[in-house]
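Since the structure comes first, as structure tokens, the remarks are kept for the end.
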Amino acid sequence: MAGCMLYWAEGSKSRNSVRLTNSDLNLLRFFCSFLKTCFEPEPERFRVALHVYLGNGLSVAEIENHWLDALGLPRSCLRAHAIDVKPTSSSGRKKNKLPYGVCSLEICSTEIVQHIYGAIQEYARFEEPRWLG
């Protein structure tokens, strides 16, 4: 139930994929564990894309390893990253706020996302026709 509610609150609402994007490592670790436990996808079905900020003393490889190790996923899951040389503020004042950037975790599966949508509607007792595939 918690994984479904997390997706409802934070996930992108697509008909064909499950995607959650966040900077909180524990949140994404929990969501990844939910997907692995409930749906048993092959690890290669996961996609990981990062939005990273350089200039914080970490290399792109270190940032990739940080996320992949935490999520228990192979390097083959990595997709193209968005890389910013400067932090979110061009003045540089917000340096190191997100040293590991933001991670987007995705599985392209109409079956999984429709299952999650159905569970959300069941738990919360409502119907959302826009979610029907």
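The values are calculated or read from the model by the stated rules, or taken from the named source; none is laboratory data. Quick caveat, the model's predicted, so the values are computed rather than measured. FYI the Cβ positions are ideal-geometry reconstructions off the backbone, even for glycines, and counts take in every protein chain you see.
If Ser33 satisfies every condition in (1) of a type outside the set (A, V, I, L, M, F, W, C); (2) out of contact with any Asp or Glu (no Cβ under 8 Å at 6 or more places or on another chain); (3) closer than 19 Å to Ser76 by Cβ; (4) at pLDDT 95 or above but one, which is the exception?
(3)
Do we have Val113 as under 25 Å from Arg15 (Cβ atoms), modelled with pLDDT of 95 or more, touching a Gly at 6+ places or on another chain (Cβ under 9 Å) and buried (at least 17 other Cβ atoms within 10 Å of the Cβ) here? First the steps, then the outcome.
Working: under 25 Å from Arg15 (Cβ atoms): yes; modelled with pLDDT of 95 or more: yes; touching a Gly at 6+ places or on another chain (Cβ under 9 Å): yes; buried (at least 17 other Cβ atoms within 10 Å of the Cβ): yes.
It is true that Val113 is under 25 Å from Arg15 (Cβ atoms), modelled with pLDDT of 95 or more, touching a Gly at 6+ places or on another chain (Cβ under 9 Å) and buried (at least 17 other Cβ atoms within 10 Å of the Cβ).
Pull out all pairs, ordered by first then second residue, where Cβ-Cβ is under 7 Å, the residues are six or more apart or on different chains, the first lies in region 108-120 and is assigned to a helix (DSSP H, G or I), and the second is at pLDDT below 95 and of a type in the set (A, V, I, L, M, F, W, C).
Every condition considered, the pairs that remain are Tyr117/Trp131.
Which condition number in (1) touching a Leu at 6+ places or on another chain (Cβ under 9 Å); (2) modelled with pLDDT of 95 or more is the one that Asp84 fails?
(2)
Restricted to region 13-68, and to residues that are surrounded by fewer than 18 Cβ atoms within 10 Å (Cβ to Cβ) and of a type in the set (Lys, Arg), which residue is nearest to Ile83 (Cα to Cα)?
Once the filter is applied, the top-ranked residue is Arg47.
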